Amino acid sequence: SLRPWPWWFAPLAIFSTVLLTLIFWMGSKIAYSDWFENHWLYFSKTCALTAVTLMGWLLLLTSRALWTERLCGGLDKVYTLHRYIGRIVFFLLCLHPFFLSLYRLPNWSQWVLFFLFPYPSPKNSYQQGANLGAWAWLLLVFLIFAAVYLVKPYRKWLFFHKWMSLFYLMSLIHIMLIERDVSNYPFLFIWIWSWLGLGAVSLCWNWLYRWVGPKASYVLDRIDSDGRLIFLKIKPMKNKLLFKPGQWVFMEIPSLGKERHPFSIASLPTEDGCLIFGIRIVGYWTDRLQELRKGEKIIVYGPYGMLSDVFLMSKKDCVCIGAGVGITPFIGMWALALHSPDRISNDENGNAIYPSWEDFLKTWKSPKLDLFYLVNSKNDAIFDEVIENVAISTQFMHLKKSSERGHFYHLLISNSSKYISLFDISQRVDNLREKNILLCGPIAMISAFKLQAKELGIPNDQIFFEAFEWRSGSIH
């Protein structure tokens, strides 16, 4: 299926697990007739148990597992959901000690002390766990404040974000030392620690991702730069990466450090296994790419991304709209459209058949493709020549010939007084309502185009997108 689950399925699944947690907790309270004298504790425990369940989900979503990608409809949606859940968890973890400390009011000094050092002279494991919980909360507040307000470069943000692992470990020990309520109720104990265990496994997977994640080793074969754009061609050292056009990878270059950055593959799968990337120079790390020399080792992790599934499996023609660097996933699809004579075959039930790549090219016919490249000025159209060269290097030999086969390329330049809209694009595409629309670019552009599609009467199940802003919660 092009859209395995509707957009609301992942939030519903997460909400259902939270609801089960609270049902198991209250069910245990009823079964054991074990009630609190301090009614504020019900609010505090509700926040804590909900946060614990959501923390398990937070770590599961960072595992980059295929099932999470399919559950959410793409890894960019996974990270967006991760961002929203993280905000909810932080809010709940602020409410948890707030409700827990209300019994100390109106003694304001004792109330403030509760958030710093609840029990200066701990006498049992419960009080030790309470102290550890307070310190874990203070660590969380500092990390959130530092990540949001103190740091801007990605590498520094990533440094602070990694310390969230310490907060999670402190939380595990805190829950272990606190006897109520998880430890007292066997069924709730098994349920909560199952989620905590899943979170711990995901955390370990993230720590070990560099060694056990899906990866392939390459060497730099060619590099070109014009000061704004860097073209990298890398060839496999041993095993080549298996990917679909339009997918992307995390790239790690050992000579530049241990950071991994996401980039879309701007080429087709080939027999020699070489990969081509078009990377816009936008920061410290991408600027340093210009220092690379032929033979440099490069490690790629992945591939990721589901946007190409629409192009490869649907029987509808496609309109691909990329804004700025968001055009890069579509370059591979554009190249495949111009290279491929036949359509993919389907079985008797209408399901797509996945042959080998060589057979795929023989049995698959590209849908007709309209490729739109949106930029603010002609100088920003740094991939324009690349797209034209793809057409020149194929059987069509020219953009005009490719248009005769139904594949059109459009470079649209906006200005300060008017931004390009889906209404403008509808004037250039015949029967836009009958086609799949693939969007890639800033979240603001995607949101605007989705609203405009609704006004044009285009069904929501024909709109597919991948966001390109990591700071807004997406992967790129």
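Quick look at the numbers
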read-out: Relative frequency of Cα-Cα separations exceeding 33 Å in the chain, percent; value: 46 percent
read-out: Label-point separation, residue 36 to residue 316 (7 Å along Cα→Cβ), nm; value: 5.0 nm
read-out: Whole-percent carbon and sulfur share, accessible surface of the chain, 1.4 Å; value: 62 percent
read-out: 0 to 90° range, to nearest 10: angle between helix 40-61 axis and the chain longest Cα axis; value: 30 degrees
read-out: Residue-level accessible surface for residue 259, protein heavy atoms, 1.4 Å, Å²; value: 40 Å²
read-out: Nearest-ten-degree value, helix 443-455 long axis tilted from longest Cα axis of the chain; value: 70 degrees
read-out: All lysines inside 20 Å of residue 435 as judged from Cα atoms, apart from same-chain residues fewer than 8 positions distant; value: 315, 316, 365, 368, 450, 454
read-out: Ordering of 130-143, 101-114 by burial proxy (mean other Cβ atoms within 10 Å per residue, highest first); value: 130-143, 101-114
read-out: Share of Cα-Cα pairs in the stretch 39-197 lying beyond 28 Å, as whole percent; value: 25 percent
read-out: Helix 125-145 vs. the chain, principal-axis angle (Cα, 0 to 90°, nearest 10); value: 30 degrees
read-out: FRET efficiency estimate (nearest 0.05) - Cβ-Cβ, residue 65 to residue 431, R0 41 angstrom; value: 0.60
read-out: In Å², nearest 10: area of residue 177 left accessible to a 1.4 Å probe; value: 50 Å²
read-out: Nitroxide proxy distance, nm - points 7 Å out along Cα→Cβ at residue 207 and residue 294; value: 4.3 nm
read-out: Estimated distance in nm for a label pair at residue 109 and residue 226, the labels positioned 7 Å out from Cα along Cα-to-Cβ; value: 7.0 nm
read-out: Accessible area per residue in Å² at 1.4 Å probe, computed on the chain; value: 49 Å²
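The values are calculated or read from the model by the stated rules, or taken from the named source; none is laboratory data. Keep in mind the model is a prediction, meaning the values are calculated, not measured. As a convention, Cβ positions derive from the backbone with ideal geometry for all residues, glycine included, and neighbour counts pool all protein chains shown. For the accessible areas, the whole protein counts, side chains as well, though only heavy atoms, and no ligand, DNA or RNA atoms are used. Shrake-Rupley method; radii C 1.70, N 1.55, O 1.52, S 1.80 Å.
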